[in-house]
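Just so it is clear, none of the values below were taken in a lab; they were calculated from the coordinates. Predicted model only: the values in this text are computed from it and were never measured. Cβ placement follows ideal geometry from the backbone for every residue including glycine, while neighbour counts extend to all protein chains displayed.
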Amino acid sequence: MNVAIVKYNAGNIYSVVNALKRLGVAPVLTDKAELLQKADRVLFPGQGEASGAMAYLKERRLDEVIRSLRQPVLGICIGQQLLCRHSEEGDTDCIGVFDAEVKRFRPQHHEDKVPCMGWNIIKDKGCALFKGLGDMPYVYFVHSFYVPQCQETAAVAEYILPYSAAMHRDNFYSCQFHPEKSGHVGEQILRNFLDIENL
């Protein structure tokens, strides 16, 4: 299987490369439109800051390329946020696959810490990404911004308030958490993504 990972100025991409290699997949890391368009699967992972990431993507017109992809695409962490319409982080216009606004966590109580960091339960709403995981699996999160629940929410987590732990629209899937850091559960999620049939 030909798997491509979007190369841009974001951190934590190599942990996704290594997670795929453990599944027997050798992905190509690229910012070239033709390689992304030819891939069977595209992953859009990373950690970073929204405005800088979008500036890099727009400079290379990768925002248009990503939006036009027709094969299964998986956004991870900031990848989920950048697939949305707009982010409060840097007042940034994003790619716009998901019609949602990314918000910053605002602590409500003394014990609320931002960023949200650690293991949390997700409640699956029937998305193919979570096939075979059982009830309310634990996955690993690190983030200061979140996507509110919306029509495209595929799984819910709760930290300060309920929010979109994963999203799905057509051939686009995403997760706010890090499957590559989520043990056997995350490994199964990545395997499920690789097994999703083209739409």
Under 17 Å from the Cα of Lys103 - aspartates and glutamates, other chains or at least 8 residues apart: Glu49, Glu88, Glu89, Asp91, Asp93, Asp112, Glu152, Glu158
Can you give me the C-alpha center-to-center distance between the stretch 94-153 and the stretch 24-57, rounded to a whole angstrom? 21
Return the label of the correct value of Cα Rg over 2.2 N^0.38 Å, as calculated from the structure shown, out of (1) 1.26; (2) 1.57; (3) 0.94. (3)
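Per-residue counts of other Cβ atoms within 10 Å, averaged by peptide: what ranking do you get for 77-86, 60-69, highest first? Before the final figure, lay out each step's value.
Working: 77-86: 25.9, 60-69: 16.5.
In decreasing order of mean packing, 77-86, 60-69 become 77-86, 60-69.
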For Lys38, which lysines qualify as cross-link partners when the Cα separation must be under 22 Å and same-chain residues fewer than eight apart are set aside? Lys7, Lys21, Lys58
